[in-house]
Amino acid sequence: MVGKFKSARVYLKPSSPGTGIIAGESVRSVVEKAGVQDILTKSYGSGNPLNIVKATFEALKKLETPVIAAKKRGIPLKKLFGQGEV
């Protein structure tokens, strides 16, 4: 996901389990409070912490639940996770 706010951009990328939170101070505080455990992040543009935090919120807003993702793709939830018939 990419979040943008003014000239700040934040890229959020899921990582493999056990990686932890690889992020700067501003992004780290937000994703920790959101309950994210494994993530890679990179911020570009503005170094203003407030703009980075707002860009992080914008990126998190773009996330969708597995149920919504399955509906968009028109597949059952089990198939989305590779447990059903392929």
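Couple of notes before you dig in:
- Identification of helices (runs of 4 or more DSSP H) wholly contained in the chain with 1 or more residues that are touching a residue at least 24 places away in the same chain (Cβ under 8 Å) yields 25-34, 49-61.
- Residue list for region 31-86, filter: loosely packed, with under 13 Cβ neighbours inside 10 Å and touching a Pro at 6+ places or on another chain (Cβ under 6 Å): G84
Just so you know, all these numbers are worked out from the coordinates, no wet-lab data involved. The model shown is predicted, which means the values in this text are computed figures rather than measured ones. Neighbour counts are summed over all protein chains in view; Cβ atoms, including those assigned to glycine, are modelled from backbone coordinates with ideal geometry.
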